[in-house]
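The values are calculated or read from the model by the stated rules, or taken from the named source; none is laboratory data. Worth saying up front: this structure is predicted, and the values here are computed from it rather than measured. All Cβ positions, glycine included, derive from the backbone under ideal geometry; neighbour counts span all protein chains shown.
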Amino acid sequence: MRKGSDLLVAALENEGVERIFGIPGEENLDVVESIRRSSIELVLTRHEQAAAFMAATYGRLTGKPGVCITTLGPGALNLTTGAAYAHLGAWPMIMITGQKGVLSSRQARFQVVDIVTTMRPLTKLARQIVSPRMIPTLVREAFRTAEEERPGPVLLELPEDIAAETCEDVPLVPTHPVERPLASAEALDRAAALILGARRPLVMVGAAASRPQMTGDLAQFVLRTGIPYFTTQMGKGTVPGGTELYMGTAALSERDYVHEAIERADLIVTIGHDTVEKPPFIMGAGGPQVVHVGYQPAHVEQVYFPQAEVIGDLGPSLRLLADRVEGRLPQAQALLPLREGILARIAARATEDRFTPQRLVHDIRQVIPPDGIVALDNGMYKIWFARNYRTRVANTLLLDNALATMGAGLPSAIVAAMLHPDRRVMAVCGDGGFMMNSQEMATAVRLKLNLVVLVIEDGAYGMIRWKQAVDRFPDFGMTFNNPDFVKYAEAYGAKGTRVSAIGDFAPTLERAFREGGVQLVTVPIDYSENIRVLVDELRERLPVSGAL
């Protein structure tokens with residue numbers, strides 16, 4: 001005989017779960033006890049939202065569902081932002097929540113919220129477990145659903161009386177790999193014909209191309225075709241170093257320098273593009289044709305309506321597509337002469353002696369090795385990192401351009417540091433986003449992680465303040481006061497440093513990494529560049545037309 005909670009944890013072990021992030025509660029104490037007697041590590045967090053961000057990031061970096069646990073009601077509701085983060089980002093995650101007993105109601109409706117219904121719009125699957133005998137089957141289905149395309153979050157709610165109920169030992173369900181279909185020969189032929197007929201082709205690499213199993217085939221496709229490429233924000237780093245075909249990253253939807261190439265292209269091959277990302281370019285009448293290569297069919301939008309689609313497992317699809325066009329593209333590099341000018345203008349003024357976004361990005365790139373990981377929170381600096389931070393390894397710049405929520409940067413960096421203790425890992429947060437989950441500094445210190453946390457101070461919700469200025473509204477409602485971040489870090493047992501001279505910035509980061517432990521570094525920022533570059537300078541760049 002086994003308790004329901006024992007069956008649950010055994011099923012999780014069967015799925016290869018090594019860590020569970022979260023906060024226990026009264027309604028899942030049986031599950032917590034079963035975890036204590038298992039091989040699974042319970043990573044206690046200081047807020048359930050952070051636990052969900054951590055589980056989602058685990059899924060993002062490994063391709064295997066991350067798992068988080070909370071109690072009922074208020075604890076479960078704190079997972080909603082993390083569920084949306086994983087849902088829009090397409091990262092596999094399992095959420096396990098508690099609930100009052102369903103076989104009796106000794107506490108009436110105290111703390112009871114219908115979490116299963118609440119979570120249905122934010123998940124791929126949301127189920128309440130009503131019998132311990134169903135647990136192995138439901139856990140296997142949850143993991144399969146979370147992993148299959150399009151990946152995402154799944155909720156399992158385990159009431160406390162079902163967790164405590166005993167039953168005969170139920171066999172676990174064997175795991176099996178998720179099989180992805182192959183693209184049809186007809187679709188590959190249609191796409192190949194469009195590519196062969198293009199005079200100025202361009203490749204765009206999107207978020208789905210950053211899946212852990214994906215990057216080798218993508219790099220080979222670029223090398224075999226010789227077509228220049230650009231990336232979306234979440235597609236950065238998916239083509240490893242060694243090519244000179246990178247044209248930039250679309251940090252804005254239009255008018256940026258990389259759009260000089262986009263506007264001249266007559267065909268764009270999008271690989272792994274998901275329209276949950278803010279549009280990297282705007283399709284319209286008379287624009288380039290688009291071939292969509294993806295795990296799933298494109299979502300037709302006002303700004304995105306491909307003329308051909310290649311749907312199936314991306315790696316084999318790209319190999320088969322390259323087989324059809326390799327060596328037959330004399331115009332493949334027609335847009336490449338634009339590359340030097342685009343990248344030079346993006347990198348301009350990156351070494352000025354001011355705390356500009358360009359200088360911060362430049363100095364961070366100097367101290368982070370190619371396999372080092374930078375986890376961004378959400379703020380104005382994200383646009384500058386997307387434009388200016390060059391990556392050569394997938395998933396080394398963790399940014400969210402789907403839900404684009406604040407508060408995820410520090411929890412994401414914590415998971416990256418746990419998974420890759422041999423790499424340099426940095427969280428980059430604005431002062432607004434940092435304070436939304438800054439309590440997880442305590443988690444990082446307790447776990448004895450090596451982690452540098454950069455807090456960029458402007459005393460405001462900077463991105464919205466910039467947008468307010470662009471829309472010519474008065475400056476209102478965006479500013480706040482901060483704690484002393486150095487003392488704040490020290491209160492958690494971390495080391496805090498304030499940089500007041502730009503020449504000290506890179507040496508301070510280098511020293512923080514060498515010393516190890518949890519280190520918080522705070523710097524001011526000169527956001528006047530937001531208007532000078534992203535508004536005034538780009539406004540002068542008129543859309544181009546005609547031949548190259």
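With respect to the conditions (1) free of Cβ contacts under 8 Å to residues at least 40 places away in the same chain; (2) outside the structural domain of THR522 (by TED's automatic domain parsing); (3) of a type outside the set (S, T, N, Q); (4) surrounded by 15 or more Cβ atoms within 10 Å (Cβ to Cβ), VAL291 lacks only one, and its number is (1). Of the residues VAL154, VAL170, the single one that is modelled with pLDDT under 95 and surrounded by 15 or more Cβ atoms within 10 Å (Cβ to Cβ) is VAL170.
Of all the numbered requirements in (1) surrounded by fewer than 24 Cβ atoms within 10 Å (Cβ to Cβ); (2) of a type outside the set (Phe, Trp, Tyr); (3) out of contact with any strand residue (DSSP E or B) (no Cβ under 6 Å at 6 or more places or on another chain); (4) in contact (Cβ under 8 Å) with a residue 40 or more places away in the chain, MET234 misses one, and that requirement is (1).
Only one of (1) within 20 Å of the chain's Cα centre (by Cα); (2) crowded, with 20+ Cβ neighbours inside 10 Å fails for PRO279. Which number is that? Every listed condition holds for PRO279 apart from (2). In this structure, ILE464 qualifies as within 27 Å of THR405 (Cα to Cα), surrounded by 14 or more Cβ atoms within 10 Å (Cβ to Cβ) and aliphatic (A, V, I, L, M). Annotation: of all residues in the range 140-161 being without any contact (Cβ under 8 Å) to a residue 40 or more places away in the chain and among the acidic types (Asp, Glu), the one that is nearest to ALA76 (Cα to Cα) is GLU141.
Condition first: more than 20 Å from the chain's Cα centre (by Cα) and on the phi > 0 side of the Ramachandran plot. Can you find one or more residues in the range 54-66 that meet it? No, the range 54-66 contains no residue that is more than 20 Å from the chain's Cα centre (by Cα) and on the phi > 0 side of the Ramachandran plot. When the residues of the range 219-234 are filtered to those that are among the hydrophobic types (A, V, I, L, M, F, W, C) and assigned to a helix (DSSP H, G or I), the one that is nearest to ASP323 (Cα to Cα) is PHE221.
Could you check how many residues of the range 408-446 are surrounded by fewer than 21 Cβ atoms within 10 Å (Cβ to Cβ), of a type in the set (A, V, I, L, M) and touching a residue at least 60 places away in the same chain (Cβ under 8 Å)? Result for the range 408-446: 3.
Does at least one position in the range 318-331 carry a residue that is part of a loop (DSSP other than H, G, I, E, B), of a type in the set (D, E, K, R), surrounded by fewer than 20 Cβ atoms within 10 Å (Cβ to Cβ) and in contact (Cβ under 8 Å) with a residue 24 or more places away in the chain? Break it down into steps so the answer makes sense when it comes.
Narrowing the range 318-331 to residues part of a loop (DSSP other than H, G, I, E, B): 326-331.
So of that shortlist, the ones also of a type in the set (D, E, K, R) come out as 326, 328.
Still in the list and also surrounded by fewer than 20 Cβ atoms within 10 Å (Cβ to Cβ): 326, 328.
Filter once more, so that each one left must be in contact (Cβ under 8 Å) with a residue 24 or more places away in the chain: 326, 328.
Checked against the condition, which is being part of a loop (DSSP other than H, G, I, E, B), of a type in the set (D, E, K, R), surrounded by fewer than 20 Cβ atoms within 10 Å (Cβ to Cβ) and in contact (Cβ under 8 Å) with a residue 24 or more places away in the chain, the range 318-331 yields at least one hit.
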